[in-house]
Amino acid sequence: MNVVEQIKEQLKQETAAAAVKAGLVSKEELPEVVMETPKDKEHGDFATNLAMQLAKTAKKAPKLIAEDITGAMDTSKASVEKMEIAGPGFINFFLDHSYLRQVIPAVLSSGQDYGKTDVGGKKKVQVEFVSANPTGDLHLGHARGAAVGDALSSILETAGYDVTREYYINDAGNQINNLAYSVEARYLEALGKETTMPEEGYRGADIKQFGEELAAEHGDAFVETAREERLAFFREYGLKREMEKLKQDLLDYRVEFDVWYSETSLYESGKVEEALQLLEERGEVYEADNAVWFKSTNYGDDKDRVLVKNDNTYTYLLPDIAYHQNKFERGFEKVINVWGADHHGYIPRMEAAVQALGYDKEQLDTRIIQMVNLYENGERVKMSKRTGKAVTLKDLMEEVGIDATRYFFAMRSSDTHMDFDLTLAKSESNENPVYYVQYAHARLCSIFRQAEEKGYEYDPDADLTPIASEKEYDLLKKIGEFPEAVAIAADKYAPHRMTNYAHELAAAFHSFYNAERVVDAEDAAKTQARLKLVKAAQITLQNAMALIGVQAPERM
RNA sequence: GUCCCAGUAGCUCAGUAGGAUAGAGCAACGGCCUUCUAAGCCGUAGGUCGCAGGUUCGAAUCCUGCCUGGGACACCA
């Protein structure tokens, strides 16, 4: 447990003990003491609403209860300097801040590991995200999903979960046939032959390029080939090229998957049949109208779903069920799906399926990545998948840059609609929030360069007692909250809390930087102590930025 | 028609498991660079938390109804 949490825990215990000692409540009836950090510094370092909570059982006014508690409080152990009763009955604690100096050695000794906790208890968790069909370039929505899914995974890892990042490749359905038709059409087109793009075809620039390359490489070799053979080749070719591109784009975006799971492999290994059989054995399916239905209404779905169509082929749902069964068979205790908003309607049936297979509903958690609207110069940018006119992940990385793109997407709660302001994201000015955080890091690095120039050698054993100003303590407190901030972000699956934290940490540092000098020729002891403080800030900021996939530049 | 998400400052969004005078960034206004990077800091102004009820010591947060915007509702994936 880190220093800030320790003192908070101590404070909780002392408060609880005081309430019992004052005869307000028995030890058994005592509620969990809520100790929060007030937003307003005027309200102390910590505050509790215990007196209000006890108002009912103690049958007394909260303010009087608060007086009893503060009167019975042992203030020595938790560094309490002052207590105030405020508002409707809050007890505000003002601490002797010198305890915060202990944060520094804790951070310095942990280094890159600072922020790690074991709240996850090594639990095996799978995060499936992006999983875009290999039929075209990754677009805006995928970019958001990738940023959120990757940040979430990193946060869970740091909070002590055993995380697997996984991409499900939809390489078996109709869309792959359409991919083959589309490549064929573009190939023939490139040869100047008469052809029509199928209605359901993919019109992306990437496929046009494939067609041209095939034409250039193979000439008209495929024109005379039997259609079936030709399509089989284009299908294979298109899939391979799309996957290569997908993997490269994601890698460039700094997203690395542990597992790429192929839908086709589910068929080949017989897992799809297995899943169907299992559902049959468990009495979860029935036949009607020449089709096989999954009785998902047993588990709260709106209506039952077809698994096997009357032409004897499978719906997409069945392999999806098999895939989820396989996830649990691989030992994941928790399965998190990060899905696009268009998959929103599948959640109830997938949850039903998981339960029908005998797993607990709680083991599956699906997060929806809401729509992204693009704006440029105040105008909504219209996009169309049909015509292939869409802003791709690649476009974003080139135009906006990776750091700004990832920060922008990670910054927002993922389940709300989002306006992405291209003009703002592209601007290299203070209007752009990502620079605020990066600039703090560049400044931190600059301090060390200056210290070196002035002949200061960083001393890991320097005495920390010169650390005593308000700005220093504010910064230290923020640094000390990092492990808890990660744990909360993990618990709530809320990566945007990490960007909030990074911003707050940067703010605490900027404020300190403007108020106090680190490298001071007049005071070597203070300089050495502050260099250690600044080192701790640098480590923490780097770790926070790493969690959201944003680089920490040494200069700007 | 049913279901889901959203509605908070001029704009984009937070709001810590019901708490104090609802917070940030940008935009606006006023200050701060002979000293470690002014992509920064300090301050001012800006609000009927969509609307109406309810629950209680206390509601942006929980409940009910309504309004507005977006999305989902295939034997397509």
Shape category assigned to chain A from the gyration tensor of Cα positions, a/c cut at 1.5: oblate
Among A:319-327, A:287-295, the order from most to least packed when residues are scored by Cβ within 10 Å on average: A:319-327, A:287-295
Residue pairs, from the table A:K122/A:K394; A:K247/A:K303; A:K247/A:K426; A:K8/A:K59; A:K21/A:K116, whose Cα atoms sit over 32 Å apart: A:K122/A:K394; A:K247/A:K303; A:K21/A:K116
Estimated distance in nm for a label pair at A:E199 and A:D162, the labels positioned 7 Å out from Cα along Cα-to-Cβ: 5.0
Solvent exposure of the stretch A:432-547 as accessible area per residue, Å², 1.4 Å probe: 40
Pairwise centroid distance, computed over Cα atoms, of the stretch A:5-59 with the stretch A:123-137, Å: 45
Whether the stretch A:174-252 is rounded, prolate or oblate, judged on the alpha carbon gyration tensor where a/c under 1.5 counts as rounded: prolate
Sparse-neighbour loop sites [GluC sites (Glu not before Pro); the stretch A:331-437; at most 13 other C-beta within 10 Å; DSSP]: A:E428, A:E431
Extended-chain gain in nm, criterion 0.36 nm per residue less alpha-carbon gap, A:D74 and A:K426: 121.2 nm
Karplus 3J(HN,Hα) series, Hz, for the stretch A:69-74 with 6.51 cos²θ - 1.76 cosθ + 1.60 (x for Gly, Pro): 5, 4, x, 9, 6, 8
Per-residue ³J(HN,Hα) for the stretch A:411-418, Karplus 6.51 cos²θ - 1.76 cosθ + 1.60, θ = phi - 60°, Hz, x for Gly and Pro: 5, 9, 3, 6, 9, 10, 4, 9
Over chain A, relative contact order from alpha-carbon pairs under 8 Å, at least 6 apart, %: 16
Selection of trypsin sites (Lys or Arg not before Pro), the stretch A:1-98, meeting DSSP coil and at most 16 other Cβ within 10 Å: A:K27, A:K39, A:K59, A:K60, A:K77
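Expressed in nm to one decimal, what extension gain is obtained for the pair A:V381 and A:K454 from 0.36 nm per residue of sequence separation less their Cα-Cα distance?
Fully extending the segment from A:V381 to A:K454 adds 21.1 nm.
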Cα centroid separation, the stretch A:433-504 to the stretch A:312-362 (Å): 41
Partners for A:K123 among lysines (Cα-Cα distance below 20 Å; same-chain residues under 8 apart left out): A:K327, A:K334, A:K361, A:K492
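Report the extension gain between A:T117 and A:E229 in nm, rounded to one decimal, defined as 0.36 nm multiplied by the number of residues separating them, less their alpha carbon distance.
Difference between extended and current length: 34.8 nm.
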Compactness of the stretch A:420-556 as Cα Rg over 2.2 N^0.38 Å, two decimals: 1.11
Amide proton proximity set for A:T366, modelled H, under 5 Å, gap of 5+: A:N337
Inter-label distance for A:E28 and A:A515, nm, one decimal - labels placed 7 Å from Cα along Cα-to-Cβ: 4.9
Cα centre as origin, Lys/Arg/Asp/Glu Cβ charges: the stretch A:3-95 dipole, Debye: 260
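About its Cα centre, how strong a charge dipole does the stretch A:432-547 have in debye, to the nearest 20, once Lys and Arg get +1 and Asp and Glu get -1 at the Cβ? Walk me through the numbers on the way to the answer.
On the way: 13 positive and 17 negative charges, 90 e Å.
About 440 debye.
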Label point distance in nm, A:E470-A:T57, each placed 7 Å from Cα along Cα→Cβ: 3.8
Ellipticity estimate at 222 nm from DSSP helix runs (n ≥ 4, -39,500 (n - 2.57)) divided over chain A, nearest 500: -15500 deg cm²/dmol
With every protein chain in place, chain A: carbon and sulfur % of accessible area (1.4 Å): 45
Integer Hz, Karplus 6.51/-1.76/1.60 couplings in order for the stretch A:390-395, x for Gly and Pro: 8, 7, 9, 4, 4, 4
Cα centre as origin, Lys/Arg/Asp/Glu Cβ charges: chain A dipole, Debye: 1220
Accessible area per residue in Å² at 1.4 Å probe, computed on the stretch A:3-95: 53
Computed FRET value (nearest 0.05) for A:K295 with A:E273, which takes r as the C-beta separation and R₀ as 22 Å: 0.70
Amide proton proximity set for A:L374, modelled H, under 5 Å, gap of 5+: A:V381, A:F420
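Per the Kirkwood definition applied to all pairs of different Cα atoms, how many angstroms is the hydrodynamic radius of the stretch A:3-95?
For the stretch A:3-95, the Kirkwood estimate is 12.9 Å.
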Label point 7 Å beyond Cα of A:T315 along Cβ direction - residues of the stretch A:328-360 with amide nitrogen under 18 Å: A:342-357
Leading residue at positive end of dipole, the stretch A:134-267 (Cβ point charges), from A:L191, A:H139, A:Y261: A:H139
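The values are calculated or read from the model by the stated rules, or taken from the named source; none is laboratory data. Since we're looking at a predicted model, the values are computed, not measured. Neighbour counts are summed over all protein chains in view; Cβ atoms, including those assigned to glycine, are modelled from backbone coordinates with ideal geometry. Please note that ligands, DNA and RNA were not included when accessible areas were found on the heavy atoms of the full protein model with its side chains. Shrake-Rupley method; radii C 1.70, N 1.55, O 1.52, S 1.80 Å.
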